[in-house]
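Step one of this worksheet: look at the structure below.
Computed from the coordinates by the stated procedures, all read-outs in this text should not be read as laboratory data. This one's a predicted model, so the numbers in the text were calculated from it and none came from an experiment. When we count neighbours, we look across all protein chains shown, and the Cβ atoms used for this are built from the backbone with ideal geometry, even at glycine.
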Amino acid sequence: DPYLSQADFIAPRGYKDHMGMFAVSCFGCDSLVQKYEAENDDYNKIMSQALADRFVEAFAEYIHREIRIDMWGYAKDEKLDEADLLKIKYDGIRPAPGYPSQPDHTEKVTMWETIKAKELAGIELSDSLSMMPAASVSALVFAHPKSQYFAVGQIGKDQVTDYAERKKYEMSKMERWLSPILNYERD
């Protein structure tokens, strides 16, 4: 298998290309969860959280479809049934910070500043970069026809050092954020 990077899905300089990002959320669920917690109603608490998560994920899929078909229009003739959508038979991907192809959660800060997610949508980031409300989804959007989901493997200290220098982060801070994929023990 080849080693992939999200940069593989961006056209070289001089070519027209698109890259997007978005954040969506379901407001109101957190207060409902607190209500059910106060009533010791675990079932309705879990069901409320699950339903809010499904709404947000469905909206993220809808946005991605609108990007493919209408906004960017690179898949105007796309006619996929539910099974093909679930198998990701469409062109383009929407990887999210903290997931296997983009394990660095700190990139959410860049996204939030770029799209003004807090100011325009009210979606906040906690100190640990969790999205608030909890029923939220954010993603980058790539249109490249060969783009695919992948997992970044274990990374070495030389890679972390280089990345920390480019991001202007202290090494210990970068290691903490990338700890799940380090191939070495931190000092």
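Using the Cα gyration tensor of the stretch 40-99, with a ≥ b ≥ c the square roots of its eigenvalues, what is the shape: rounded (a/c below 1.5), prolate (a/b larger than b/c) or oblate (neither)?
Values: a/c = 2.79, a/b = 2.38, b/c = 1.18.
Because a/c hits 1.5 or more and a/b exceeds b/c, the stretch 40-99 counts as prolate.
Under a point spin-label approximation (7 Å from Cα along Cα-to-Cβ), what is the GLU37-GLU61 distance to one decimal in nm?
Rounded to a tenth, the inter-label distance reads 2.9 nm.
So, R0 is 35 Å and r is the distance between the beta-carbons of GLU113 and TYR74; what FRET efficiency does that work out to, to 0.05?
For GLU113 and TYR74, the calculated efficiency is 0.85.
Only bridges whose two residues both fall in the chain count here: according to DSSP, what percent of them are antiparallel, nearest 5? Could you put the intermediate results ahead of the total?
Values: 11 of 12 bridges.
DSSP beta bridges in the chain are roughly 90 percent antiparallel.
Going 7 Å from the Cα of ASP1 in the Cα-to-Cβ direction, what parts of the stretch 110-148 have a backbone nitrogen less than 19 Å from that spot?
Within reach of a label on ASP1, which here means backbone N under 19 Å from a point 7 Å along Cα→Cβ, the stretch 110-148 contributes 146-148.
Using the Cβ atoms and a cut-off under 15 Å, what net charge is assigned to the surroundings of ARG65, where Lys and Arg are +1 and Asp and Glu are -1?
-4
Work out how much length ALA121 to ASP30 would gain on full extension: take 0.36 nm times their residue separation and subtract the Cα-Cα distance, in nm to one decimal.
Fully extending the segment from ALA121 to ASP30 adds 31.2 nm.
Would you work out if the chain is rounded, prolate or oblate? Take a ≥ b ≥ c from the square roots of the eigenvalues of the alpha-carbon gyration tensor; rounded if a/c is under 1.5, else prolate when a/b is larger than b/c, oblate otherwise.
Details: a/c = 1.82, a/b = 1.10, b/c = 1.65.
The shape class here is oblate.
For the charge dipole of the stretch 3-105, defined by +1 on Lys and Arg C-beta atoms and -1 on Asp and Glu C-beta atoms about the Cα centroid, which residue among CYS26, SER48, PHE9 has the Cα displaced farthest towards the positive pole?
Of CYS26, SER48, PHE9, it is PHE9.
If you take all C-alpha pairs in the stretch 81-187, what percent of them are over 16 Å apart?
Cα-Cα pairs in the stretch 81-187 separated by more than 16 Å: 66 percent.
Looking at the chain, identify the longest residue range that excludes and avoids all GluC sites (Glu not before Pro) in DSSP loops having at most 16 other Cβ atoms within 10 Å.
Answer - 79-169.
When the chain is modelled as a GNM with alpha-carbon springs shorter than 10 Å, which of ALA11, ALA134, ALA96 fluctuates the most?
The residue with the greatest mean-square fluctuation here is ALA11.
Starting from the Cα gyration tensor of the stretch 125-187, take the square roots of the eigenvalues, sort them a ≥ b ≥ c, and report rounded, prolate or oblate (rounded when a/c is under 1.5, otherwise prolate if a/b is larger than b/c, else oblate). Please report the intermediate quantities before stating the final value.
Values: a/c = 2.05, a/b = 1.26, b/c = 1.63.
Oblate shape, in that a/c is at least 1.5 and b/c is the bigger or equal ratio.
Using DSSP to call loops (not H, G, I, E or B), can you name the trypsin sites (Lys or Arg not before Pro) in the stretch 1-110 whose Cβ has at most 13 other Cβ atoms within 10 angstrom?
ARG13, LYS16, LYS76, LYS79, LYS87, LYS89
Note down the net charge around ARG166, summing +1 for each Lys or Arg and -1 for each Asp or Glu among other residues with Cβ under 14 Å from its Cβ. Could the numbers behind the result be given before it?
On the way: positive: LYS167, LYS168, LYS173; negative: ASP104, GLU107, ASP158, ASP162, GLU165, GLU170.
Around ARG166, the surrounding residues sum to -3.
Report, in deg cm²/dmol and to the nearest 500, the calculated mean residue ellipticity at 222 nm for the chain, where each DSSP H run with n ≥ 4 adds -39500 (n - 2.57) and the sum is divided by the residue count.
Value at 222 nm, helices only, nearest 500: -11500 deg cm²/dmol.
Given H placed 1.01 Å from N in the peptide plane, which residues other than close sequence neighbours of ILE155 have an amide H under 5 Å from its amide H?
Here LEU182, ASN183 satisfy the definition.
Under unit Cβ charges (Lys, Arg +1; Asp, Glu -1), what dipole magnitude, rounded to 20 debye, does the chain have relative to its Cα centre?
For this selection, approximately 540 debye.
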